[in-house]
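Every number in this text was worked out from the coordinates using simple rules, so none of it is lab data. Just so we're clear, the structure is a prediction, and the values are computed from it rather than from any experiment. All Cβ positions, even for glycine, are placed from backbone atoms using ideal geometry, and neighbour counts span all protein chains on display.
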Amino acid sequence: LQIKVMYYDIPTYQLVVTIVGAISLRPRENNILRNPYCKLYLLPDRSEKTKRRTKTVAGTLNPRWCQSFAYTPVKRRDLQSQSLQITVYDYDRIGSGEYVGEV
């Protein structure tokens, strides 16, 4: 998973994260390409408040999202007790997406 360096803007209490892409995801069974997307959470909060989602990129094992997400307000002193969870899923029209991996 490629993540651009996170940026923290002190005056606005804003944490900005850019998800660039992923390389060499494992294919589905029978070497079928995936339709990957990412979900992000600023832990320990796993609520809708910190949830972010990239667009789905169809038919690839090397997706390029190039999407930025902002978390606001995030106090600088709280950054040390928080972590960013990024999970890659394979989009499926039926049910929830299939888990691919996380960081």
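When the convex hull of its Cα atoms is viewed from all sides, the chain shows a mean projected area of 6.8 nm².
In plain terms, the residue of R93, R26, R53 with the fewest other Cβ atoms within 10 Å comes first and the most crowded comes last, giving R93, R26, R53. Across the options T87, S24, V74, the greatest Cα extent toward the positive end of the charge dipole of segment 2-102 (unit charges at beta carbon of Lys, Arg, Asp, Glu) belongs to V74. Grab the beta carbon distance between E48 and Q82, set R0 = 22 Å, and tell me the FRET efficiency rounded to 0.05. Efficiency, rounded to the nearest 0.05: 0.85. Once you reduce segment 77-97 and segment 1-64 to the center of their Cα atoms, the two points are 7 Å from each other. Dipole size of segment 2-102 about its Cα centre, with +1 on Lys/Arg Cβ and -1 on Asp/Glu Cβ: approximately 200 debye, rounded to the nearest 20. Taking 0.36 nm per residue of sequence separation and subtracting the Cα-Cα distance, how much length would be gained by fully extending the chain between Y13 and T72, in nm to one decimal? Difference between extended and current length: 20.6 nm.
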